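Engineer: Submitted below is the structure of interest, expressed as structure tokens.
Read-outs: derived from the displayed coordinates by stated rules, not from any lab. Quick caveat: nothing in here was measured; it's all calculated off a predicted structure. Here Cβ is always computed from backbone atoms with ideal geometry, including for glycine, and neighbour counts include all displayed protein chains.
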Amino acid sequence: MPMTDQGGTPPSGTPPGASPDAVRFEGVGLTYPTARGPVRALTDITLGVPRGHFVSIVGPSGCGKSSLLMLTAGLRSCTEGRVLIGATPVSGPQADNGIVFQNDTLLDWRSALDNVLLQVELRRLPKARYRQRAADLLHSVGLAGFEHSHPYELSGGMRQRIAICRALIHDPHLLLMDEPFGALDALTRDQMMCDLQALWLEQRKTVLFVTHSIPEAIFLSDRVVVMTSRPGQIDKIVDIDLPRPRELEMTTEPEFNSYVTVIRKVFERRGVLRSERETEPGKTLT
Amino acid sequence: MTEPKLTRTARRQRIESFAYPAAALVLAIAAWELIILIFNIQAYLLPSPAAVYSSLTGQASYLASESVPTIEEVLLGFAVATVVGISIAVAIVTWRPFEKAVYPLLVASQEVPQIAFAPLLLVWFGFGLTSKVIIAFLIAFFPIVVNASAGMRSVPSEMLDLAHSTQASGFTILRKIRFPFALPNIFTGLKIGVTFAVIGAVVGEFVGSGNGLGYVLMTANGRLDTSLLFAAIIVLVIMGLVLFLAVSMLERALIPWHVSQRNVVTR
């Protein structure tokens with residue numbers, strides 16, 4: 001399987017001179033002050049996210065993977081290096097992205113349709129022109145007939161679908177997803193994974209997807225970035241060379257599992273994961 | 001949203017929610033009457049419910065006309081408290097230096113018994129309407145500020161991240177997200193505030209006034225006319241309840257989406 005250890009983007013198929021990357025991290029570091037002194041959240045992150053690719057960042061809690069998304073969105077500033085969107089360094093909120101969080105962050109007083117249109121209103125875009133598109137998006141994620149339902153009448157999966165529509169309504173090139181399925185039950189997660197893939201195959205947006213789940217990352221991605229913590233850094237980059245559309249049955253096949261093993265090994269080597277026999281008595285688990 | 005059709009259980013629960021307190025009230029009144037009979041308590045100490053009732057009906061027009069200035073003071077004081085309270089809450093939430101400078105002082109100011117200023121306010125603003133409105137305002141406004149600012153501050157950080165990612169202005173975020181998000185808390189503050197405004201107005205009338213229900217209480221007390229005193233208290237209770245219910249109805253109308261306002265959750 002093709003694999004690179006640090007950064008880099010295969011330049012195949014891109015014209016010379018033009019950057020193939022929708023997003024580039026160049027030596028990004030992030031240190032923030034706390035009461036106990038400065039904490040280094042990210043160090044030496046160099047990574048390219050090619051245009052139209054689905055890239056996942058997988059790592060343990062506190063490895064700074066969500067911070068990477070916040071830096072990309074321009075909601076936080078890095079203390080070292082820089083983040084580029086296309087050729088422009090990020091310095092503040094970006095116009096051309098959509099964000100989905102772990103919590104659906106829907107407004108209880110708005111209907112599904114109006115929650116999707118919130119993005120349009122906040123961006124001061126002409127609402128009338130986006131109404132039909134909002135309805136179409138809800139339709140495409142299986143929420144036809146629920147346009148006028150309120151969030152409290154809907155299940156967690158349905159709510160998160162609305163949040164995804166809201167992130168796509170203004171047709172951004174870049175979709176940032178921060179553990180979007182983390183709060184859902186296992187069955188709903190599987191369904192959402194399949195539906196997100198279908199949506200991505202249709203729209204081919206650049207996606208930066210943060211997750212805890214190794215199978216989820218492999219299933220969805222062209223490339224999985226494996227991060228480890230203290231401070232957050234890239235340990236390995238794994239290109240996923242599986243045919244699309246991918247189906248749930250594939251997750252039990254040997255090829256899929258060999259990817260799982262590769263990523264799991266990184267965490268075992270770093271002490272994030274430990275198998276029973278390696279745990280010595282008296283040694284504390286991290 | 002259409003009102004969902006009530007099931008038989010829901011209808012029974014609704015009836016019970018009125019029937020139980022009503023029964024308890026009737027029992028309490030009966031006990032009151034009984035205690036007076038058994039212990040032979042003098043009317044100037046504690047009037048019987050029957051005597052209170054006859055004061056209430058016999059002096060109905062007097063009580064009604066004295067209610068007018070009190071209601072005016074309460075409504076004006078409450079209105080000013082609402083406008084000023086919510087404005088200050090908005091400033092606290094949107095402007096950091098203001099929060100740092102004003103919020104601690106505001107909290108500390110609650111250790112000052114505002115009622116103690118009532119005599120001074122009378123000196124400054126006279127015995128008329130203004131001094132009572134100010135006292136009602138002073139007491140009512142604090143719960144409104146505290147609840148409104150707490151509500152606007154409790155917007156989840158991810159929600160704000162999302163809003164900031166759209167490059168929306170602070171005012172837009174306030175109007176579309178923070179304010180509607182805080183409405184349940186704002187109404188909690190308003191419900192406390194309206195009750196407090198009644199207290200403020202009556203205290204103002206105690207300290208110096210020629211009319212109003214507070215004045216009725218003082219004069220009835222002076223004449224040991226305890227049945228009129230109780231009648232005036234009952235009018236005040238009714239006034240407070242009506243105002244509270246009015247705010248509650250407004251709350252129901254404005255935030256049907258909130259968890260506290262939902263009868264039936266369909267899933």
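Engineer: Which of the pairs A:K205/A:K265; B:K132/B:K191; A:K65/A:K127; A:K205/B:K176 have their Cα atoms more than 25 Å apart in this structure? Don't jump to the answer; show the numbers that get you there.
Structural biologist: Values: A:K205/A:K265 30 Å; B:K132/B:K191 20 Å; A:K65/A:K127 34 Å; A:K205/B:K176 28 Å.
From the list (A:K205/A:K265; B:K132/B:K191; A:K65/A:K127; A:K205/B:K176), the Cα-Cα distance tops 25 Å for A:K205/A:K265; A:K65/A:K127; A:K205/B:K176.
Engineer: If I build a Gaussian network model for chain B, linking alpha-carbon pairs within less than 10 angstrom, which residue out of B:L27, B:L190, B:L138 has the largest mean-square fluctuation?
Structural biologist: Checking each option, the largest mean-square fluctuation is seen for B:L27.
Engineer: Same structure again: Mind checking the dipole of segment B:134-211: about its Cα centre, +1 per Lys or Arg Cβ, -1 per Asp or Glu Cβ, Debye to the nearest 20?
Structural biologist: On the way: 5 positive and 3 negative charges, 30 e Å.
About 140 debye.
Engineer: Helix B:129-153 versus the longest principal axis of chain B: what is the Cα-based angle in degrees, 0 to 90, to the nearest 10?
Structural biologist: For helix B:129-153, the angle is close to 40 degrees.
Engineer: With unit charges on the beta carbons (Lys and Arg positive, Asp and Glu negative) and the dipole taken about the Cα centre of the protein assembly as shown, which residue among A:A186, B:L63, B:I88 sits farthest to the positive side?
Structural biologist: Highest projection toward the positive end goes to B:I88.
Engineer: Roughly how tilted is helix B:60-94, in degrees to the nearest 10 and between 0 and 90, from the longest Cα axis of chain B?
Structural biologist: With both axes taken from Cα atoms, the answer is about 20 degrees.
Engineer: Magnitude of the Cβ-charge dipole of chain A, K/R +1 and D/E -1, about the Cα centre, nearest 20 debye? List each step's numbers first, then the result.
Structural biologist: Values: 32 positive and 33 negative charges, 171 e Å.
That gives chain A a dipole magnitude of about 820 debye.
Engineer: So what is the 222 nm mean residue ellipticity for the protein assembly as shown from helices alone, if each DSSP H run of at least 4 adds -39500 (n - 2.57) and you divide by all residues, rounding to the nearest 500 deg cm²/dmol?
Structural biologist: Values: 18 runs with 293 residues, N = 553.
Result for the protein assembly as shown: -17500 deg cm²/dmol, rounded to the nearest 500.
Engineer: I'd like the chymotrypsin sites (Phe, Trp or Tyr not before Pro) in segment B:7-114 restricted to DSSP loop residues with at most 16 other Cβ atoms within 10 Å, sorted by number.
Structural biologist: Numbers: sites: B:F18, B:W32, B:F39, B:Y44, B:Y53, B:Y62, B:F78, B:W95, B:F98; in loops: B:Y44, B:W95.
In loop regions of segment B:7-114 (DSSP not H, G, I, E or B), the sparsely surrounded chymotrypsin sites (Phe, Trp or Tyr not before Pro) are B:Y44, B:W95.
Engineer: Mind telling me which of B:E16, B:E205, B:E66 comes out most flexible in a GNM of chain B, alpha-carbon contacts under 10 Å?
Structural biologist: Looking only at B:E16, B:E205, B:E66, the biggest GNM fluctuation is shown by B:E16.
Engineer: Each residue of segment A:57-67 in turn: what ³J(HN,Hα) in whole Hz from Karplus with 6.51, -1.76, 1.60 and θ = phi - 60°, glycine and Pro shown as x?
Structural biologist: 10, 10, x, x, 4, x, 8, x, 5, 5, 4
Engineer: Ok, one more. Over chain A, what is the relative contact order in percent, taking alpha-carbon pairs closer than 8 angstrom and at least six residues apart? Mind showing how you got there, number by number?
Structural biologist: Working: 522 pairs, mean separation 71.7, N = 286.
Averaging sequence separation for qualifying contacts and normalising by length gives 25 percent for chain A.
Engineer: Can I ask one more? Give me the percent relative contact order of chain B, please, defined on Cα pairs under 8 angstrom at least 6 residues apart. Walk me through the numbers before you get to the answer.
Structural biologist: On the way: 274 pairs, mean separation 66.5, N = 267.
Reported as a whole number, the value is 25 percent.
Engineer: Select from B:G208, B:S169, B:S157 the residue farthest towards the positive end of the dipole of segment B:153-211; place +1 on Cβ of Lys and Arg, -1 on Cβ of Asp and Glu, and compute about the Cα centre.
Structural biologist: Looking along the dipole axis, the top candidate is B:S169.
Engineer: A further question follows. Against the longest alpha carbon principal axis of chain B, how many degrees, from 0 to 90 and to the nearest 10, is the axis of helix B:179-207 turned?
Structural biologist: 30
Engineer: I've got another one for you. Which order results if A:L42, B:L75, A:L187, B:L245 are arranged by neighbouring Cβ count within 10 Å, fewest first? Write down the numbers at each step before the final one.
Structural biologist: Details: A:L42 26, B:L75 16, A:L187 9, B:L245 12.
So the ranking, lowest neighbour count to highest, is A:L187, B:L245, B:L75, A:L42.
Engineer: Quick check for me: using +1 on Lys/Arg Cβ and -1 on Asp/Glu Cβ, what's the dipole size of segment B:85-196 about its Cα centre, in debye to the nearest 20?
Structural biologist: Working: 8 positive and 4 negative charges, 39 e Å.
That gives segment B:85-196 a dipole magnitude of about 180 debye.
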